[in-house]
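Submitted below is the structure of interest, expressed as structure tokens.
What follows draws every value from the coordinates through simple rules; no lab data is involved. Everything quoted here is computed from the prediction, not taken from an experiment. Neighbour counts run over all protein chains shown; Cβ positions are idealised from the backbone, glycine included.
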Ligand code: ADP
Ligand code: MG
């Protein structure tokens with residue numbers, strides 16, 4: 001073999017590039033580093049065990065085809081994993097795993113090479129002598145499944161990590177699995193979906209979903225009732241513990257202590273922990289360091305705002321599930337107009353459907369437009385000073401620089417005053433900040449402008465029209 005490992009790998013990458021989309025290529029193949037070739041064995045380095053698992057699960061045939069081109073039949077891939085999330089804080093261990101080359105002939109469920117499962121030695125379920133296996137209600141919402149959690153660029157990592165955990169709770173390196181992201185982006189849904197999936201695959205496992213707030217309340221009650229030990233024991237017997245919105249543990253030291261104790265116990269026994277948070281672990285303030293460092297043991301995956309395509313897909317799925325047919329054009333219009341988060345997208349859809357069924361109206365573009373208008377205005381709209389200035393300048397057909405200049409020409413002063421007036425009315429900016437953004441004036445000038453506009457619109461008919469027109473343009477736009 002005269003070719004270098006670099007050349008061989010680059011050729012393989014070319015082949016892969018032709019067979020997957022760009023996003024997928026960037027996510028799963030670019031980060032792979034070729035290490036060496038020995039005979040027909042190519043060693044590559046991947047950044048995490050999850051990565052390895054994901055490749056094996058989804059791209060094994062593609063990888064095989066790609067390296068066979070360069071190395072011939074009998075080509076083999078060996079992964080070297082530089083683990084980012086090791087158990088202690090010492091240097092990351094490197095672990096070598098042969099690719100399961102004869103994969104196709106093996107059932108899906110035994111994907112995980114023995115080497116991996118041994119590593120954490122998760123053997124028998126934890127059994128406390130004398131105690132019955134728990135029989136508790138999981139508190140899972142059966143409607144939150146993977147099947148109706150639409151995949152998109154915004155959630156791919158979180159979703160696939162969640163699926164991996166669902167297949168093999170406690171058996172992957174994502175323990176804990178921390179899902180984080182802003183409101184309404186699907187953290188709770190995904191957390192339930194993992195639980196539901198685990199219950200499906202392992203009915204005998206004890207799964208528990210609990211909000212961090214409820215956990216805190218239960219803990220406080222247990223102190224009051226002198227039953228803290230029962231509380232701790234109860235939680236220590238769970239196989240899969242899902243805690244939603246852990247940011248609410250912030251500043252609650254005693255709750256964090258007890259959670260820490262439970263966390264350690266579960267983790268040491270190979271039990272799965274799934275957490276959600278409205279911000280990244282590093283941004284969790286008021287959280288004990290030792291707890292934060294535990295969160296980093298596993299995988300933190302974020303949920304982002306869905307792009308247009310994903311929003312369309314989400315709406316499509318909801319409509320389909322409800323058995324309602326709506327023009328694609330209309331679906332796209334809603335998806336286009338509501339881009340804040342999935343909860344609001346759903347909210348808009350629900351109000352449109354309600355409106356149409358209440359009034360027995362067809363879901364027409366007209367109806368949708370008027371509903372979306374109201375919806376957008378009442379929830380997400382925030383008008384900025386920039387936007388106001390732009391609308392005012394458009395209206396008077398004057399360049400923005402003039403508005404911001406020192407000119408004392410009457411029309412320009414008037415336009416400037418109107419911008420200030422509307423900035424005061426429609427934004428939360430202080431007088432000083434409005435003045436500063438409207439040509440570097442002080443707060444007294446802004447106050448004067450507001451008074452002037454108020455006076456003029458009472459006394460000057462033409463001026464009144466300006467105010468009304470602008471008001472319309474600014475609030476309906
Ligand atoms: P969070 O917990 O992040 O605030 P939720 O999980 O409560 O958000 O999600 C809000 C709503 O949006 C839920 O009804 C959920 O089913 C829906 N949703 C969020 N993401 C998706 C998705 N990718 N596909 C389908 N529905 C989604
Ligand atoms: Mg939630």
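In whole angstrom, how far apart do the alpha carbon centroids of the range 1-63 and the range 255-304 sit?
What the calculation gives is 32 Å, centre to centre.
Give me the base-10 log of I(q)/I(0) for the range 273-403 at each q in 0.11, 0.22 Å⁻¹, Debye formula, one uniform scatterer per Cα, rounded to two decimals.
-0.64, -1.19
What order do you get for 423, 30 when you list them from fewest to most C-beta neighbours inside 10 Å? Walk me through the numbers before you get to the answer.
Working: 423 28, 30 11.
Going from sparsest to densest Cβ surroundings: 30, 423.
Please rank 336, 209, fewest neighbouring Cβ atoms within 10 Å first, as an exposure proxy. Could the numbers behind the result be given before it?
Numbers: 336 12, 209 23.
Sorted ascending by nearby Cβ count, the order is 336, 209.
Still on this structure, please answer the following. Once label points are set 7 Å from the Cα along Cα→Cβ at both residue 268 and residue 408, what is their separation, rounded to one decimal in nm?
Between residue 268 and residue 408, the simple spin-label model gives 8.0 nm.
Next question, about the same structure. With label points built 7 Å along Cα→Cβ from the Cα atoms of residue 321 and residue 40, find their separation and express it in nm.
4.8 nm
How high is the relative contact order of the chain, in percent, with contacts defined as C-alpha pairs under 8 Å that are six or more residues apart?
On the way: 648 pairs, mean separation 50.1, N = 477.
Relative contact order, the chain: 11 percent.
Relative to the compact globular guide of 2.2 N^0.38 Å, what is the alpha carbon radius of gyration of the range 134-303, as a ratio? Before the final figure, lay out the partial values.
Working: Rg = 14.9 Å, N = 170, 2.2 N^0.38 = 15.5 Å.
For the range 134-303, the normalised Cα radius of gyration comes out at 0.96.
Follow-up question, since we're still on this one. Which of the three applies to the range 385-476, rounded, prolate or oblate, going by the alpha-carbon gyration tensor with a ≥ b ≥ c and a/c under 1.5 meaning rounded?
On the way: a/c = 1.24, a/b = 1.19, b/c = 1.04.
Rounded is the answer for the range 385-476, as its axis ratio a/c remains below 1.5.
Just rank 387, 295, fewest to most, by other beta-carbon atoms within 10 angstrom.
Placing the least packed residue first, the sequence is 387, 295.
Right, something else. For helix 253-268, report the angle its Cα long axis makes with the longest principal axis of the Cα atoms of the chain; keep it between 0 and 90° and round to the nearest 10°.
Taking Cα atoms only, the helix is inclined about 40 degrees.
While we're looking at this one, here's another question. Write down the Kirkwood hydrodynamic radius of the chain, to one decimal in angstroms, obtained as one divided by the mean of 1/r over all alpha carbon pairs.
Details: mean 1/r = 0.0371 Å⁻¹.
In the chain this quantity evaluates to 26.9 Å.
Semi-axes of the equivalent ellipsoid for the range 308-378, please: Cα gyration tensor eigenvalues, times 5, square-rooted, ordered largest first, whole Å.
Numbers: eigenvalues 53, 43, 23 Å².
They are 16, 15, 11 Å, listed largest first.
DSSP beta bridges in the chain, what fraction antiparallel, as a percent rounded to 5?
On the way: 10 of 33 bridges.
Restricted to the chain, the bridges split so that about 30 percent are antiparallel.
Figure the gain on full extension for residue 354 and residue 223 (residue separation times 0.36 nm, minus the Cα-Cα span) and round it to one decimal in nm.
On the way: separation 131, 0.36 × 131 = 47.16 nm, distance 4.63 nm.
Net length gain for the segment: 42.5 nm.
Calculate log10 I(q)/I(0) of the range 203-252 for q = 0.24, 0.25 Å⁻¹, where I(q) comes from the Debye formula with a single equal point scatterer on each Cα and nothing for solvent.
Rounded to two decimals, the profile gives -0.96, -1.01.
Based on the Cα atoms of the range 319-477, what semi-axes does the equivalent ellipsoid have, where each is the square root of 5 times one gyration tensor eigenvalue, given in whole Å with the largest first? Can you show the working numbers first?
Values: eigenvalues 320, 50, 34 Å².
Working from the Cα gyration tensor, I get semi-axes of 40, 16, 13 Å.
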